[in-house]
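Reading through the structure tokens given below for one structure.
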Amino acid sequence: MVELPWMILDQFSGSFLQRLADQNVVFRNAYFVHEVCGVKGASIHRLDNLPGAQSTLDEMLDHLDLHAINDENWFIDVGLEIGWQDHMVTWFADGHELLLQNVLNQSSHQAVGKLMKSKKFKTDHMALLKDCAGFRAEMTVRIRDSDHVNYICTYCTEKNVHYQRHPSLYRYRHADELQIPEKHKKIIDDLNTMSETLAECSGTQGTLQTGSARLEVRVPLRQAITANRFFNEHLLELTVVSIPAKTWWTFKYYRLTAVRMVLQSLLDVPGTLRTHPSSLVLGVATIWIMNGCYYRPGERFGSDHLSQACCQKALANPDDDAEDPNAEVKPSMYDRGMYFLSDIVVDDALGYRLPIQCEVDEEVLLLVYNRGSMLDIQSVFGMNVIRNSRRVNPERSNNR
């Protein structure tokens with residue numbers, strides 16, 4: 001991708017395409033794919049102000065020659081933001097279907113329900129909470145044809161706090177960083193800085209950081225004015241959640257404090273003991289929870305297996321006896337309001353660890369720690385491992 005100011009695009013494109021054609025005949029019919037950047041939030045207007053919407057759209061597209069393009073091949077993200085003073089406003093997970101039905105008003109309820117059950121629909125839990133969640137949805141061909149919508153995304157602008165500040169500080173963390181004491185300690189130091197930012201967001205410095213629920217719909221350019229314009233008060237009550245901003249930031253502050261306590265405990269344990277499976281799994285689960293405070297839950301290989309193995313369990317059949325050791329259980333995941341670890345055991349030797357019952361496949365552990373074998377993990381954590389060397393032919397003598 002090459003970023004250029006629009007006023008030189010015409011001059012650049014003509015010269016560049018000519019040079020390509022001179023280099024090789026296969027480039028003679030080359031063309032550009034254009035993306036207009038830096039316009040998010042540049043065309044703000046009230047939902048009920050149609051003239052204002054048209055005026056801001058015209059201003060945003062002023063540098064485009066609309067007669068020279070096919071507007072069916074140009075798409076635009078139309079955003080709708082819902083905010084409330086001194087509050088964090090986000091989306092209610094149980095309202096996703098109503099929200100989709102409102103946007104995709106030309107599609108049947110059955111089509112919307114089918115979309116939500118497909119791989120094209122992804123739920124993004126916010127800070128690992130059950131009720132607070134956005135989603136991403138790619139439309140099926142039938143829905144695109146009937147509603148002229150290509151993509152829908154909902155989220156809370158709360159994430160702007162870490163997206164725009166210190167990207168290296170708020171980067172996605174990996175469990176294999178816990179294998180190196182210096183990197184492990186760096187994560188703890190970063191958690192201290194992140195906690196200071198959360199305290200500032202809660203108003204300790206006089207300014208309370210708020211957030212809005214945002215709904216973005218990607219439509220053909222010619223649909224820009226009519227898209228995402230219908231949102232009544234009844235729908236508002238059923239699809240959004242409002243939390244006092246101070247409460248929200250305090251919750252995240254305590255969440256990170258707990259993460260820091262666990263990581264500090266793991267750091268203090270001698271490396272020879274850190275290779276115990278229940279300690280290794282706790283490290284992975286803690287990093288997963290830390291990332292979940294700022295990013296959508298991980299979708300990488302093994303993350304579902306790991307999060308289900310480490311969470312609290314509930315009876316599969318509520319009528320079963322909870323004391324029955326043979327009763328079938330299932331992972332609670334978010335069913336208790338938010339994601340909770342099964343338990344944390346305080347071990348005299350290992351410090352904090354997960355219960356032995358939280359078993360994770362060795363394949364997953366090796367993947368998340370980026371190692372080829374458990375012996376490699378033990379070696380990295382400082383364990384003296386003597387590998388048994390065996391001759392190919394026991395009868396054969398050494399050459400030297």
Flag if residue 222 is surrounded by 13 or more Cβ atoms within 10 Å (Cβ to Cβ), over 24 Å from the mean Cα position of the chain (by Cα) and more than 18 Å from residue 284 (Cα to Cα): yes
Subset tally (residues that are surrounded by fewer than 21 Cβ atoms within 10 Å (Cβ to Cβ) and either part of a helix (DSSP H, G or I) or of a type in the set (Ser, Thr, Tyr) (or both)) for segment 276-287: 2
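Every residue in segment 204-219 that is assigned to a loop (DSSP other than H, G, I, E, B) and open to solvent by 30 Å² or more (accessible area, probe 1.4 Å), please. Step through it out loud before you land on a result.
In the first step, residues of segment 204-219 are kept if they are assigned to a loop (DSSP other than H, G, I, E, B); the result is 204-207, 209-210, 212.
Matches in segment 204-219: 204, 205, 206, 207, 209, 210.
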Boolean, residue 272 is farther than 19 Å from residue 338 by Cα, open to solvent by 10 Å² or more (accessible area, probe 1.4 Å), assigned to a helix (DSSP H, G or I) and among the β-branched types (Val, Ile, Thr): yes
Unique match (being outside any helix (DSSP H, G or I), modelled with pLDDT of 95 or more and charged (D, E, K, R)) among 136, 171: 136
Output for segment 225-239, where each listed residue is in a loop (DSSP other than H, G, I, E, B), open to solvent by less than 70 Å² (accessible area, probe 1.4 Å) and either in contact with a strand residue (DSSP E or B) (Cβ under 6 Å, 6 or more places away or on another chain) or farther than 21 Å from residue 148 by Cα (or both): 227, 228
Residue ranges of strands (runs of 3 or more DSSP E) in segment 317-385 with at least 1 members open to solvent by less than 70 Å² (accessible area, probe 1.4 Å) and touching a Leu at 6+ places or on another chain (Cβ under 8 Å): 345-347, 351-353
Residue ID - farthest from the chain's Cα centre (by Cα), chosen from residues in segment 295-316 that are open to solvent by 30 Å² or more (accessible area, probe 1.4 Å) and within 29 Å of residue 197 (Cβ to Cβ): 300
Unique match (being more than 30 Å from residue 290 (Cα to Cα), under 34 Å from the mean Cα position of the chain (by Cα) and not small (Gly, Ala, Ser)) among 9, 47: 47
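Only one of these is over 20 Å from residue 257 (Cα atoms), in contact with a helix residue (DSSP H, G or I) (Cβ under 8 Å, 6 or more places away or on another chain) and without any contact (Cβ under 8 Å) to a residue 60 or more places away in the chain: 207, 197. Name it. Show your work before the answer.
On the way: 197 fails: over 20 Å from residue 257 (Cα atoms).
Only one candidate qualifies: 207.
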Segment 107-128 - residue that is assigned to a strand (DSSP E or B) and open to solvent by 50 Å² or more (accessible area, probe 1.4 Å) and, of those, nearest to residue 151 (Cα to Cα): 122
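Residue-wise test of (1) in a helix (DSSP H, G or I); (2) more than 20 Å from residue 2 (Cα to Cα); (3) touching a residue at least 40 places away in the same chain (Cβ under 8 Å).
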{"position": "26", "(1), (2), (3)": "yes, yes, no"}
{"position": "29", "(1), (2), (3)": "no, no, no"}
{"position": "37", "(1), (2), (3)": "no, no, no"}
{"position": "44", "(1), (2), (3)": "no, yes, no"}
{"position": "48", "(1), (2), (3)": "no, yes, no"}
{"position": "54", "(1), (2), (3)": "yes, yes, yes"}
{"position": "59", "(1), (2), (3)": "yes, yes, no"}
{"position": "72", "(1), (2), (3)": "yes, yes, yes"}
{"position": "80", "(1), (2), (3)": "no, yes, yes"}
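The values are calculated or read from the model by the stated rules, or taken from the named source; none is laboratory data. The shown structure was predicted, so the numbers you read here are calculated from the model rather than taken from an experiment. Because the Cβ atoms are built from the backbone with ideal geometry, glycine has one as well, and the counts that use them run over all protein chains shown. These area figures cover heavy atoms from the full protein model, side chains too; ligands, DNA and RNA do not enter into them. Shrake-Rupley method; radii C 1.70, N 1.55, O 1.52, S 1.80 Å.
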